[in-house]
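Here's the structure, in structure tokens; my notes come after.
The values are calculated or read from the model by the stated rules, or taken from the named source; none is laboratory data. It should be emphasised that the depicted structure is a prediction, and the values quoted were computed from it without experimental measurement. Only protein heavy atoms, including side chains, enter the accessible area calculation; ligands, DNA and RNA are left aside. Shrake-Rupley method; radii C 1.70, N 1.55, O 1.52, S 1.80 Å.
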Amino acid sequence: MQESLRRLNTEYLDSLLLHNPPFSSLNGDSPQFEVLKKLKKQGKIRAYGASVDTGKEMDELESLWDEEIKDSKLTW
């Protein structure tokens, strides 16, 4: 992450999205979301979320992550 920030000539990203993560990882206990939480706590990202394919996935994100997930995107 630090190398990416250096190449982008910035200290943080406004938003970082996981692209189409497996449904089983949307419960918030996955390693992917643990890393995102850590990066946010360190100030390297300001918000994170997931780009998902179905309304069911969006509902899962919204029901479990109202406070944590700031960016969500339903792709068509």
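Summary value for segment 8-68: 47 percent relative contact order, contacts being C-alpha pairs under 8 angstrom separated by 6+ residues. Computed over the alpha-carbon pairs of segment 1-68, the distance histogram in 5 Å steps reads 4, 16, 27, 24, 14, 10, 5, 1 percent, short to long. Counting only heavy atoms of the protein chains and using a 1.4 Å probe, SER4 has close to 50 Å² of accessible surface. Each residue was assigned an accessible area with a 1.4 Å probe, and for ASP53 the value is about 80 Å².
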